[in-house]
Structures are given as C-alpha cells and as structure tokens.
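Every number in this text was worked out from the coordinates using simple rules, so none of it is lab data. Note that the coordinates shown come from a computational prediction; the quantities given were computed from them, not determined experimentally. Because the Cβ atoms are built from the backbone with ideal geometry, glycine has one as well, and the counts that use them run over all protein chains shown.
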Amino acid sequence: MPDMRGRISIEPQGDVLVIQGAIDKTAGLTALLEQARDRRLVLDLGGITFINSLGVRDWIRMQAAAQRGGIAVELRRVAEPLVHQLNMIIATRGAARVTSFFAPYACDTCGREDSLLIDAIAHARGLSQLEPPAMSCAECGAQMVFNDFPERYFSFLSV
Amino acid sequence: MISSGRLRAPSILIVHPDHKTQRTVQRVLGGTGYGIDVADDLGQAVRLIAHLEPILVVLDGSAMAAPNIKQFFAAAKTRGAEACMTLVGAAQLEHMPRILGLGAVTNLLVHPMPLLGEELTITAQKLLRSDLFGAEKYLLWGTRLCSTTLTRASQRAHLVGELAEQIRTRGQSARVASMAMLVTDELLSNAVHNAPVDERGTHYRAELARDAELELDARHEVGLRWGCDGRYLAIEVTDPFGSLERDTVLRALVQNDVKDSGGGAGMGIALTYRSCDHLVFNLAPGKRTEVIALIDVRYPHSERVPASSYNVFVERS
C-alpha cells in the first residue's frame with residue numbers, strides 16, 4: 001500500500017513530468033514551468049495521492065503563471081484527489097487540457113472498487129453527455145458501475 | 001394545514017407543501033415529545049408562528065425561493081426559535097446556493113426521498129436536549145472510535161497518512177481514504193492554527209506557516225477521533241478554544257476563492273464540506289469547538305445525493 005501522505009516526487013520521463021505523492025505547501029509547483037519544452041508542459045498526475053487547500057493554492061499559482069507565460073499545460077492520468085479539486089474550485093482548472101483521468105467504479109457482482117483510467121479524448125462525446133465509459137471488473141469480469149455522480153464528477157470537463 | 005393542537009409550550013414547526021412528507025416528518029419528530037405544528041407554506045407559517053414559541057422550525061428546501069423567506073426567518077428568531085432546519089431532496093438541489101447564501105439556515109439535511117430519518121432525529125434531539133458533543137451520536141451503537149491527541153503541529157502529516165492507511169487496511173476504498181485525508185488535514189490545520197485566540201480575540205496563530213513546528217501544550221492540544229460503522233466514516237476534531245462562530249461557519253461554507261497570501265488558504269471549511277457527506281459543527285463559545293465530518297462509505301451511491309448536509313449547533317450558555 002503506498003504512503004498516501006508521502007512527500008511529492010517529480011521525475012522527468014521523456015517529455016512528461018511524472019508527479020507522485022502529496023501536493024501541499026511544500027510542493028513548489030510553479031518551478032515546474034521551467035521544464036516546459038516549446039512552451040508546452042505535460043504532467044502525469046496518476047500518482048497524486050493527496051492535495052490540501054495550500055496545495056490547491058500552489059496549483060492555482062502554477063496554472064496562473066502558465067497562462068501568463070503562454071505555456072500550454074496538458075494533464076494526463078489525473079488522479080481522483082485532483083479531479084475532486086478541479087470540480088470544487090474552478091480556478092484550479094486554469095487553461096490546462098485534461099487528456100485522461102481516473103474515475104471511481106464499483107462492481108455490483110463482487111463488491112470490488114477501483115479507480116480506472118478514462119481517455120478523455122476517445123470518450124469525449126459520451127463524457128459530454130455525462131455517460132461514463134463501460135468498464136469490466138478486473139476480478140470477476142462483470143460490468144462495473146460508475147461510483148460517483150456523473151454531473152458532479154465530470155463537471156471539470158465542461159469548461 | 002394540519003395542526004396537532006393548541007400547545008403553546010415550546011414546540012416544533014414544520015413547513016412543507018407535501019402532506020405525505022408532513023406526516024412523515026411529524027411522526028419522526030413526534031418521538032421527541034414536543035408538540036408539532038404544521039404549515040403548508042410560508043404564508044401560513046408566518047401567520048401561525050405569531051402564536052407559537054417554536055424551538056425548532058423545519059422547512060422544505062423549496063421554501064427558500066419564496067419572497068417572504070427572510071420575513072419568516074425574522075419572525076422565527078423573534079419567537080425564540082433556536083434553529084432553522086431545511087430539508088432538501090434530490091430534486092431540489094437547485095435551491096442549495098440560495099440556502100447557503102441566506103446565512104440563516106443553521107441546519108441543512110440533504111436527503112434522498114422520502115426522508116433521512118436518522119439525521120432528522122439526531123438533529124432534533126441534539127437541539128432539544130442541549131446535548132451536542134460526540135461523534136457517537138451519528139454512528140451505530142458500539143462503534144469503536146480511535147482516539148489520539150496532537151501535541152506538535154508537525155504530527156499532522158503523519159497522523160493523516162496513518163489514518164488513511166488504517167482506513168485502507170479496514171477494507172475501505174482509496175476514494176474514502178482520500179476524502180478522509182483531506183478532511184482530517186484541513187480540520188487539524190484549522191484547530192492548530194485558527195482556533196487559538198487570546199483574551200482580546202486575536203487569532204495569534206492564524207498567519208503562521210502551516211508547515212512550521214509548534215509545540216501544543218495542554219492549552220493548545222487538539223483531539224482527533226475517528227470510527228466507521230459501515231455506513232459512515234466519522235472524523236471528529238476538537239480544540240479547547242471554542243472561538244469558531246456560527247456566522248463564520250455559514251460564510252465559510254460558501255467560500256470559493258483561495259486566499260493568495262497568509263498562513264492558510266482560507267478554504268479549509270469549504271473544502272471539508274464539499275469532501276464529506278455531512279459536516280457537523282458543535283460550538284461551545286469560549287470552551288471548545290468540535291467538528292465532525294461524516295463520509296458515506298456505502299457503494300454504489302444509489303442512496304446518496306450529490307450534495308452535503310451540515311449542522312451548526314451552538315451550546316446554550
């Protein structure tokens with residue numbers, strides 16, 4: 001089981017910055033913009049386990065600085081805690097483009113709950129109609145149900 | 001209009017247009033032993049309340065859109081009502097901004113149809129008995145609460161991580177653990193930094209950096225308890241200052257902007273409210289503040305509603 005409140009780690013993998021751990025006061029996210037290439041910054045956020053209100057402030061500062069500097073930010077594999085913040089506080093969205101994100105699913109047959117990756121581009125049409133893509137349970141193969149309210153969970157995609 | 005009698009002792013006033021819901025609420029609250037008066041709409045309620053001394057008024061969420069709602073709240077306050085409780089069903093969620101914006105609704109219960117009887121009863125009993133404190137009231141009998149005390153500010157991150165691991169170990173999902181972490185972190189941060197107040201009312205730790213080390217002596221210790229009964233995960237944080245005020249809470253719930261500077265981001269209560277299913281403030285002015293966040297751990301979410309309840313209880317002096 002990962003340390004859910006572990007400190008943030010940032011690791012470049014090709015053109016992508018992979019961010020893992022907790023985003024809080026110590027995250028220093030604005031510094032990431034220095035690693036933008038050709039005015040483009042791609043963040044893999046699948047490993048984010050936690051973000052508190054001070055982390056949200058830092059995130060908003062990073063987004064605002066990116067907009068001022070004309071840097072296009074792409075967010076990949078956005079973890080649920082960050083999706084939650086994108087939905088709650090509009091300023092966190094900035095001008096970033098979300099290309100994929102994790103979402104909660106549950107299996108009515110075996111009771112398993114999972115956070116599953118959704119390709120926001122491939123499923124753009126369905127998501128705009130608040131229809132989550134179908135997913136199969138990794139344990140029993142049954143069709144899983146989306147385990148949140150689509151009108152709430154997908155609201156960050158509507159801007 | 002259905003009226004249960006001519007009792008003029010402290011009573012409960014229900015204002016709801018649907019007679020079936022009227023009767024259901026009446027039956028639930030009848031268990032308190034108080035007289036119940038019922039009105040179909042605010043016009044009737046305004047006329048009726050002039051002859052009553054309701055300790056509690058229970059309103060349907062749709063009443064919030066009525067033009068005379070402020071007149072009703074003023075009349076209720078004049079007649080000594082201790083609290084206004086609003087019931088919001090799944091079909092009435094559009095009234096939420098109005099309810100929150102009024103700043104007069106101290107108790108909001110968001111419920112699937114027809115009614116969340118447990119929360120209604122607990123809210124009424126707490127008000128009527130003046131027995132406010134303790135997360136046990138929201139959990140099934142016998143649910144064990146884990147308890148710890150924060151004696152240094154730097155323990156916060158460790159405690160939050162440990163709580164998340166224990167929640168996962170007990171079979172809860174990553175979603176629940178993630179919500180619990182956010183809620184616990186924000187509530188502990190508020191209790192450590194925003195609660196301490198001196199004799200002049202100055203919040204002397206509010207602007208300190210949240211990652212700075214602070215020794216929390218007996219006067220500043222913060223209590224954390226949590227437990228889960230299979231329906232709710234309850235997280236309770238207590239500080240010994242009692243400096244949080246009712247109106248501050250009601251303003252904070254609707255906060256949408258992050259403070260750009262200062263020790264905190266000014267969003268702790270709002271984020272906590274939006275990250276749990278029911279947020280309860282038990283305020284004993286000058287003595288203690290207890291905040292209880294309830295996270296519904298059931299799945300799928302068919303019995304849940306995409307909005308959260310809250311209560312603000314103030315201990316009578």
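Brief remarks on what is shown
- Estimated [θ] at 222 nm from DSSP helical runs (n ≥ 4, -39500 (n - 2.57)) normalised by residues in chain B, nearest 500: -9000 deg cm²/dmol
- On full extension, the segment bounded by B:Arg23 and B:Arg47 gains 6.6 nm, given 0.36 nm per residue less the C-alpha separation.
- Cross-link table B:Lys77/B:Lys259; B:Lys126/B:Lys287; B:Lys126/B:Lys259, entries beyond 28 Å C-alpha to C-alpha: B:Lys77/B:Lys259; B:Lys126/B:Lys259
- Relative contact order (%) - criterion: Cα under 8 Å, at least six apart; region: chain B: 16 percent
- Counted residue by residue at 0.36 nm each, then reduced by the alpha carbon distance between them, the extension gain from A:Ala91 to A:Leu130 reaches 11.8 nm.
- Between the C-alpha center of the stretch B:201-275 and that of the stretch A:64-99 there is a gap of 26 Å.
- In nm, spacing of pseudo-spin labels at B:Leu102 and A:Gln143 (7 Å Cα→C-beta vector): 4.2 nm
- Normalised by the number of residues in chain A, the average gap of Cα pairs under 8 Å and 6 or more apart makes the relative contact order 17 percent.
- Reach of B:Lys70 by Cα under 16 Å, taken over lysines that are not fewer than 8 positions away in the same chain: none
- Once the chain from B:Asp131 to B:Gln71 is taken as fully extended at 0.36 nm per residue, the excess over their C-alpha distance is 18.6 nm.
- Calculation over all alpha carbon pairs of the protein assembly as shown in 10 angstrom steps from 0 returns a P(r) of 4, 19, 28, 25, 16, 6, 1, 0 percent.
- Cα gyration tensor shape for the stretch A:10-68, rounded if a/c is under 1.5, else prolate or oblate: oblate
- Close amide H contacts of A:Asp108 (hydrogens built in the peptide plane, cut-off under 5 Å, sequence separation of 5 or more or a different chain): A:Val145.
- Averaged over residues, the count of other Cβ atoms within 10 Å places the peptides A:89-98, A:109-118 in the sequence A:89-98, A:109-118, highest first.
- Here the residues B:Tyr299, B:Tyr204, ranked from fewest to most Cβ neighbours within 10 Å of their Cβ, fall in the order B:Tyr204, B:Tyr299.
- In sequence order, calculated HN-Hα J values of the stretch B:59-68 (Karplus, 6.51, -1.76, 1.60; Hz; x Gly/Pro): 10, 6, x, 5, 5, 5, 8, 6, x, 9
- Shielding by partners, peptide B:257-269 (average Cβ within 10 angstrom, other chains): 4
- Note on the stretch B:180-256: percent of Cα-Cα distances in each 10 Å bin, starting at 0 and stopping at the bin with the largest distance, equals 16, 46, 31, 7, 0.
- Evaluating 6.51 cos²θ - 1.76 cosθ + 1.60 at θ = phi - 60° for every residue in the stretch A:74-90, the Karplus couplings come out as 10, 10, 10, 6, 5, 6, 3, x, 7, 4, 4, 6, 4, 7, 7, 10, 4 Hz, glycine and proline recorded as x.
- In this structure, B:Arg200 and A:Arg68 have a Cβ-Cβ separation that, at R0 = 56 Å, corresponds to a calculated FRET efficiency of about 0.85.
- Scanning chain B for GluC sites (Glu not before Pro) in DSSP loops with at most 12 neighbouring Cβ atoms within 10 Å leaves B:1-198 as the longest stretch between them.
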